[in-house]
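Below is one structure, written out as structure tokens; comments come after it.
Computed from the coordinates by the stated procedures, all read-outs in this text should not be read as laboratory data. As the structure is a computational prediction, the values presented were derived from the model and not from experiment. All Cβ positions, even for glycine, are placed from backbone atoms using ideal geometry, and neighbour counts span all protein chains on display.
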Amino acid sequence: MAKRPCPSLTSLIPSIVMLRPSMDDLLAAFLDTADPDTDSPSLSIDLSFERLLESLPRDDDQSLLIDRALNLSSLLLEAAKRSARKRASKHNSIAWALPPDLTIKVFSMLDTQSLCYAAVTCSMFNKCAMDPMCYANIDLRTVVPKVNNAVVSTVIQRAGKSLQSLKLGIVPGPTASPWSCQSLVCTIRNSVDVSSFSWNDKKTRQGKESFILTRTCLHPLTVESGAAGTLLRRLHLYNIERMDCTSLCMALSACPSLLDLEIVGLHVELRQTLMSVSLSCPLIERLFFESSKTGRDDSLKSPTCIDLVNNCPHLTSLALRGFKLPDYKIRILVKGFRKLKYVDFSTSYSITGTFLRNLGSAAGGNLLEVLILRDCMHLKEVEVARFFSALLGGDLKFLRHLDISNREGLASDGDWYERCYGSSIIPLKQVSEVRQDICLLAEFPSEGSFIDIDQMVDSEFNSEISLPSQLSSHASDGSLLMSSSDSSYNSDQGSGNEEGHDSGYIIFEESSDEVDFLAV
């Protein structure tokens, strides 16, 4: 037996049918009345609305009529905007030749700023730009502060588990070449263009977000059990002044698949950072770390070097620039990483060059293709000469780029105060002729241009009491930064190599202070 239709539904159908044409007619009549071609449509609507208000005797009724008019006008405005967006999206979908999947592919090749511009173009582009694939490679590097934590959090959340590359911070500009030794350390004050930046932007004010990245900018990598950092392959951080060791190490712990780590100008300790990399990033292949305080960070210990070598066997590129690194610790690293091809210890203090002895043996270091020791203040002339003789003997057959340039000249064997500007014992010409496959850079100043040690100490003292930007300016152009205690170097003793002079792969005893620090 057929069921009877529901009475309530049956009774509603005529009213629905009658309501729709009635609303359409009312809206059409109202819009015809407000035709801009008519004489003073606004005035006529005003007069009509005033007459309606006057016809109501009570104030409550008049207020209710005004509220209803405001609500109706708001609804009509939103409906008109939605219809305009739909028409524009429909037009774009017809005019845009690419299907959505190819559009997403194109958007994924854009830089992050261009992607954000495309997202606000139309609803169709916005929908495509919200795909996580578009945010797989996030690049928010700027010359002046334009990015805050909220922006970073938003793009990381959009990327989700698709995130593969993340670059943040302030950069002074592109380097001249892949092997350039230009310092990347800078601050907001000495950035290239600060004409449109106000220092009031450093403080978060009501209704205005700060443009300064803080220590929590990497927190989105750790939320939801580190989902966003799970597949992250590349992490580059530049001159984030408020970053600390705890926040950085927490972010690294959420990135087990990290292959490329670049840290420039962060106020974080070398030892703690390398310990975190050793524990959390076993697949790391490239590590670039430039100190924010040239020559002052001597926190690296031998056990940390050994752990890094044992836990990160895939490392092929290592750059530790501007740190206080004795030769025996560098030897642990260079000889320990069996796949190492790229090494850069530019502007690093304490390096005398003893780690270069027997570097091309089969025990490690024999695969080096690039070796950069530019502006290493304690690099000795005699060690460089011995290394060049080894090159003439056929060591390091894969070496293609060697840079021993020093704007203050090489240190003499007896005392680093005595500088060598045009060495006669280094076979530069012979190496250039015999090893023509090596790009050799050995640029030295003319004799007598070495800065007096007292002048260096006075300069450093003045920098200590001046603005932090002056410190960063010295670091960015590669000039010397030495405190009164650090400036008392004297040959090997001052270079930090007093704990070990042997050229072999030997672990030396740590001092009591180092043992206590390790225990902590």
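For the reader, a short list of remarks on this structure follows.
- Extended-chain gain in nm, criterion 0.36 nm per residue less alpha-carbon gap, residue 299 and residue 63: 77.6 nm
- Of the peptides 308-319, 95-106, the ranking by mean beta-carbon count within 10 Å, highest at the top, reads 308-319, 95-106.
- Environment charge of residue 398, counting only residues whose C-beta is closer than 11 Å and scoring Lys/Arg +1, Asp/Glu -1: 0
- Rh by Kirkwood over Cα pairs, then Stokes-Einstein D for region 312-362 at 0.692 mPa s and 37 °C, µm²/s: 292
- Mean Cβ neighbour count within 10 Å, used as a protection proxy, ranking 368-377, 155-164, 68-77, 389-398 highest first: 368-377, 155-164, 389-398, 68-77
- Across 167/341; 105/161; 293/341, pairs whose alpha-carbon gap is larger than 19 Å: 167/341; 293/341
- The gain in end-to-end length when the residue 415 to residue 307 segment is fully stretched comes to 35.5 nm, 0.36 nm per residue minus the alpha carbon separation.
- Averaged over residues, the count of other Cβ atoms within 10 Å places the peptides 419-430, 253-264, 343-354 in the sequence 343-354, 253-264, 419-430, highest first.
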